[in-house]
Amino acid sequence: LDNVIEINKYPLRQIEANIARLRWTVLSAALLAAFVAAFLALFIAERTARPVRQLTDVVQRMAQGDLNVRLLPLTRDEVGTLTRSFNQMSDRLRGTITKLIEERSRLTAVMDNMADGVLITDGDGLVRLVNAAASRILGVDEEMILGRPFAQVVRDHRIIDLWQQCREQCVEQV
């Protein structure tokens, strides 16, 4: 009964005004909290996505042939681990390519200095390497020979038969 008497002491308009102020305060606090939460979400998303975008840019540059590109790992999380692994893979790839270039240079030097004609074909019978002596013997420019079928380049059935026998023997041995 005392509570009923206390409520009746305040006019209805004052109670409604207090409720309206309370609603405004709650709504303002909710909007402020939503704004802060959205700002923090964007900040965290950008901070998380930035290293991935940087790594993607480096990978694209590497795919275009820039094997010297590197990215410093700035974090110790999964993205940092991925960045370190990518750098290691890049180093190994560059080393492998350097070795292949050196081997190709040595092979080219040996073939260019041979007096005998040499043609090297792939598994499909297409000419992949030819030396100057073979080009002179066949009377065809080196550029015209590369990538063409062996039988088309040689045009001598005895040599083609011998080449086919060698291929068959290699297949039997494997």
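Summary of values
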| item | result |
| --- | --- |
| Within-12-Å neighbourhood charge of residue 74 [Cβ basis; K, R +1; D, E -1] | +3 |
| Which label in (i) 0.95; (ii) 2.46; (iii) 1.03 gives the computed Cα Rg over 2.2 N^0.38 Å | (ii) |
| 5 angstrom amide H check on residue 129, placed H, neighbours 5+ away | 120 |
| Cβ-based charge dipole, the chain, positive-most Cα from 170, 120, 73 | 73 |
| MRE, 222 nm, helices only [DSSP H, n ≥ 4, -39500 (n - 2.57), over the chain, to nearest 500] | -25000 deg cm²/dmol |
| Mean Cα-pair separation over length for segment 49-174, i.e. relative contact order, pairs under 8 Å, 6 or more apart, % | 12 percent |
| Alpha carbon convex hull of segment 102-159, projected area averaged over orientations, nm² | 4.1 nm² |
| 1.4 Å probe accessible area per residue over segment 2-152, in Å² | 77 Å² |
| Computed P(r) (all Cα pairs; segment 7-54; 10 Å bins; percent) | 23, 24, 19, 14, 11, 7, 2 |
| Pairwise FRET efficiency - residue 122 versus residue 93, Cβ, R0 = 22 Å, nearest 0.05 | 0.45 |
| Fraction of accessible area attributable to carbon and sulfur, segment 1-124 (%, probe 1.4 Å) | 63 percent |
| Charge dipole (debye, nearest 20) of the chain; +1 at Cβ of Lys and Arg, -1 at Cβ of Asp and Glu | 960 debye |
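The values are calculated or read from the model by the stated rules, or taken from the named source; none is laboratory data. Here the structure is a predicted model, which means the values were calculated and not measured. Every residue, glycine among them, receives a Cβ derived from its backbone with ideal geometry; neighbour counts consider all protein chains shown. What goes into the accessible areas is simple: the full protein's heavy atoms, side chains included, and nothing from ligands, DNA or RNA. Shrake-Rupley method; radii C 1.70, N 1.55, O 1.52, S 1.80 Å.
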